[in-house]
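Asker: One structure follows; several queries about it will come next.
The values are calculated or read from the model by the stated rules, or taken from the named source; none is laboratory data. Note that this is a predicted model, so its numbers are computed, not measured. Using ideal geometry, Cβ is built from the backbone for each residue, glycine included, and neighbour counts are taken over all protein chains shown.
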Amino acid sequence: MWPFRRKGASGFSASSTAEQVTEGIDGTGLTAIVTGASSGIGTETVRVLALRGVHVVMGVRNVAAGNNVRKEIVKEIPTANIEVLEVDLSSKASVRKFASEFASLNLPLNILINNAGVMAPPFSLSSDGMELQFATNHIGHFLLTHLLLEKIKNTSRQSHIEGRIVNVSSEAHRLTYQEGIRFDKINDESSYHNWLAYGQSKLANILHANELSRQFKEADVKVTANSLHPGVIVTNLMRHHVILNAIFTSVGRLVLKNVQQGAATTCYVALNPQVKGLTGKYFSNSNLATPTNKATDEELSKKFWDFSMNLISD
């Protein structure tokens, strides 16, 4: 039983589930993309959005696993409207293919949930020659968002419904390299630290959302961009750490969030009317929270935006 039940201003707490934070909300007519949707909080996010009537497109690396998840959800929720498309966030070519396939579905896009991620693996490079965590957790989502931006904007204009971009970050953004973002050492294996690199990628998620938000405000676009910490959850993200994974999946179950609680803040930010109009914010436990000073550094956000745009331009 999750012990921390103190409710915040939203009326929800760390123990609130995704179903509870979306109770009574009708998402009929909305379309959402959820990456990393075939396991963990991604799967629960898809299930709860579908339960609320949202048409969900699952972005998954393993299509067979994604289809199995889809079948299980439809078995529980016969009215669920779910598509499964392949995407490997560590590959820019795969992200571009996903965006093209989504366009061919001729669907609107109200909600984009950038959820997929890897956590603290040993140093390796993506197929594009980029440090894997930075490539998967940030650049893949940055490119995906860039490719879908006009679709989200147009959907908002035509439907008169606020579009929402949701970046799943982490409190781990507080534990990063001293300079925050290592612009000149992203791929430096000699100074690589798996946890600091993870923190860097999670800081990147917040900076991305904040700069998107600033640009939306400047252009008077009715789309919001926010980031969040889902909580410390028992999922397969710890698979690269045998001892920690054993602890998390045994003793951890008594004190960590379960998947239903872990998906709550994502579903809250994506769907709850309390979040309407809020943008450039950071959430935790389905409430507003305060990230680090680096995460709210506007100059760093702008510099990082340009840096990221350069990395997706090839």
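Asker: Do the conditions hold for S38, that is, is it over 13 Å from I113 (Cβ atoms), touching a residue at least 24 places away in the same chain (Cβ under 8 Å), in a loop (DSSP other than H, G, I, E, B) and under 19 Å from the mean Cα position of the chain (by Cα)?
Answerer: yes
Asker: Something else now. Condition first: surrounded by 19 or more Cβ atoms within 10 Å (Cβ to Cβ), touching a Gly at 6+ places or on another chain (Cβ under 9 Å), assigned to a helix (DSSP H, G or I) and not polar (S, T, N, Q). Can you find one or more residues in the range 103-113 that meet it?
Answerer: No; the residues of the range 103-113 include none that is surrounded by 19 or more Cβ atoms within 10 Å (Cβ to Cβ), touching a Gly at 6+ places or on another chain (Cβ under 9 Å), assigned to a helix (DSSP H, G or I) and not polar (S, T, N, Q).
Asker: So for the range 148-158 (the condition being in a loop (DSSP other than H, G, I, E, B) and either modelled with pLDDT of 95 or more or of a type outside the set (K, R) (or both)), does at least one residue qualify?
Answerer: No.
Asker: Given S201, S227, which one is within 15 Å of A120 (Cβ to Cβ), within 19 Å of the chain's Cα centre (by Cα) and either of a type in the set (A, V, I, L, M, F, W, C) or buried (at least 24 other Cβ atoms within 10 Å of the Cβ) (or both)?
Answerer: Selected residue: S201, the only one of S201, S227 that is within 15 Å of A120 (Cβ to Cβ), within 19 Å of the chain's Cα centre (by Cα) and either of a type in the set (A, V, I, L, M, F, W, C) or buried (at least 24 other Cβ atoms within 10 Å of the Cβ) (or both).
Asker: I've got another one for you. Out of the residues in the range 160-197 that are under 14 Å from the mean Cα position of the chain (by Cα) and hydroxyl-bearing (S, T, Y), which is surrounded by the most Cβ atoms within 10 Å (Cβ to Cβ)?
Answerer: S169
Asker: Of K97, K92, which residue is charged (D, E, K, R) and either in contact (Cβ under 8 Å) with a residue 40 or more places away in the chain or in contact with a Gly (Cβ under 7 Å, 6 or more places away or on another chain) (or both)?
Answerer: That would be K92, the only listed residue that is charged (D, E, K, R) and either in contact (Cβ under 8 Å) with a residue 40 or more places away in the chain or in contact with a Gly (Cβ under 7 Å, 6 or more places away or on another chain) (or both).
Asker: Of all residues in the range 9-25, which are not in a loop (DSSP other than H, G, I, E, B) and not charged (D, E, K, R)?
Answerer: Scanning the range 9-25 gives A18, Q20, V21.
Asker: Name the residues in the range 53-82 that are of a type outside the set (G, A, S) and in a helix (DSSP H, G or I), would you?
Answerer: V63, N67, N68, V69, R70, K71, E72, I73, V74, K75, E76
Asker: Which condition from (1) crowded, with 17+ Cβ neighbours inside 10 Å; (2) in a loop (DSSP other than H, G, I, E, B) is the one that A99 breaks?
Answerer: Just one mismatch for A99, condition (2).
Asker: Being hydrophobic (A, V, I, L, M, F, W, C), under 25 Å from F216 (Cβ atoms), under 13 Å from the mean Cα position of the chain (by Cα) and not in a helix (DSSP H, G or I) is the requirement here; does I139 meet it?
Answerer: For I139, the condition - hydrophobic (A, V, I, L, M, F, W, C), under 25 Å from F216 (Cβ atoms), under 13 Å from the mean Cα position of the chain (by Cα) and not in a helix (DSSP H, G or I) - is not met.
Asker: Okay, next question. Among the residues of the range 275-301, write down those that are part of a helix (DSSP H, G or I), buried (at least 17 other Cβ atoms within 10 Å of the Cβ) and either under 18 Å from the mean Cα position of the chain (by Cα) or not charged (D, E, K, R) (or both).
Answerer: Within the range 275-301, V275, A295, L300, S301 qualify.
Asker: Moving to a separate point now. Any idea how many residues of the range 43-52 are assigned to a helix (DSSP H, G or I) and either touching a Pro at 6+ places or on another chain (Cβ under 8 Å) or among the charged types (D, E, K, R) (or both)?
Answerer: 2
Asker: Which condition from (1) in a loop (DSSP other than H, G, I, E, B); (2) surrounded by fewer than 17 Cβ atoms within 10 Å (Cβ to Cβ); (3) touching a helix residue (DSSP H, G or I) at 6+ places or on another chain (Cβ under 7 Å) is the one that T28 breaks?
Answerer: So T28 meets the others, but not (3).
Asker: Here's a check for you: in the range 83-95, which residue that is in a loop (DSSP other than H, G, I, E, B) and among the polar types (S, T, N, Q) is surrounded by the fewest Cβ atoms within 10 Å (Cβ to Cβ)?
Answerer: Taking the candidates together, the pick is S91.
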